[in-house]
1. Step by step: first the residues of the range 43-75, then only those that are in a loop (DSSP other than H, G, I, E, B) and touching a Phe, Trp or Tyr at 6+ places or on another chain (Cβ under 6 Å), then the one that is modelled with the highest pLDDT. Which residue is that?
2. In this structure, does T9 turn out to be in contact (Cβ under 8 Å) with a residue 24 or more places away in the chain and crowded, with 18+ Cβ neighbours inside 10 Å?
3. Going through L29, L64 one at a time, which residue ends up being under 11 Å from the mean Cα position of the chain (by Cα) and without any contact (Cβ under 8 Å) to a residue 40 or more places away in the chain?
4. For the range 15-32, check the following and say yes or no: at least one residue is assigned to a strand (DSSP E or B), within 25 Å of W71 (Cβ to Cβ) and open to solvent by less than 70 Å² (accessible area, probe 1.4 Å).
5. Is it true that E57 is over 18 Å from M1 (Cβ atoms) and free of Cβ contacts under 8 Å to residues at least 12 places away in the same chain?
Amino acid sequence: MLQAIDATTAIVSVPHCHWTDGSKVDLELLSERTHAVGAALVIDASQSLGAGVLDLERVKPDFLTSVGYKWLLGPYGLGYLYVAAEMAGVGHTI
């Protein structure tokens, strides 16, 4: 993945872990590369949020999304979206 991220990349959207075998993505390393080229990092944590550690201060995602019904043990229909403060401004474009 790291080699595919370059100056033409605007958004990198990845899961926290692979849904078939649970293998983790090195989000800290991916975040460094993504932000180094000025791109936004979007993490889908639906398969892992609540079951494992995800340190937002270290990973620094721009956006993070998850469903509520899996490891967060919520009902169907709930979804969550985290937006980093830098991305929350009105009129911000990526």
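The values are calculated or read from the model by the stated rules, or taken from the named source; none is laboratory data. Bear in mind that the values here come from a model prediction, so they are computed numbers and not experimental data. Methodologically, a virtual Cβ is constructed for each residue, glycine included, from the backbone with ideal geometry; neighbour enumeration extends over all protein chains shown. Note: accessible area is taken over every heavy atom of the protein model, side chains too, but ligands, DNA and RNA are not part of it. Shrake-Rupley method; radii C 1.70, N 1.55, O 1.52, S 1.80 Å.
1. If we filter the range 43-75 for residues that are in a loop (DSSP other than H, G, I, E, B), which is where we start, we get 45-48, 50-51, 53-55, 60-62, 68-75.
Now restrict to residues that are touching a Phe, Trp or Tyr at 6+ places or on another chain (Cβ under 6 Å): 47, 50-51, 69.
Values: Q47: 86, G50: 85, A51: 84, Y69: 90.
Only one residue tops the list, namely Y69.
2. Details: in contact (Cβ under 8 Å) with a residue 24 or more places away in the chain: yes; crowded, with 18+ Cβ neighbours inside 10 Å: no.
So T9 fails the test.
3. On the way: L29 fails: under 11 Å from the mean Cα position of the chain (by Cα).
The conditions single out L64.
4. Taking the range 15-32 as the starting set, the residues that turn out to be assigned to a strand (DSSP E or B) are 15, 17, 24.
Adding the requirement that they be within 25 Å of W71 (Cβ to Cβ) leaves 15, 17, 24.
Now restrict to residues that are open to solvent by less than 70 Å² (accessible area, probe 1.4 Å): 15, 17.
Yes, the conditions are met somewhere in the range 15-32.
5. On the way: over 18 Å from M1 (Cβ atoms): yes; free of Cβ contacts under 8 Å to residues at least 12 places away in the same chain: yes.
Here the answer is yes, as E57 does meet what is asked.
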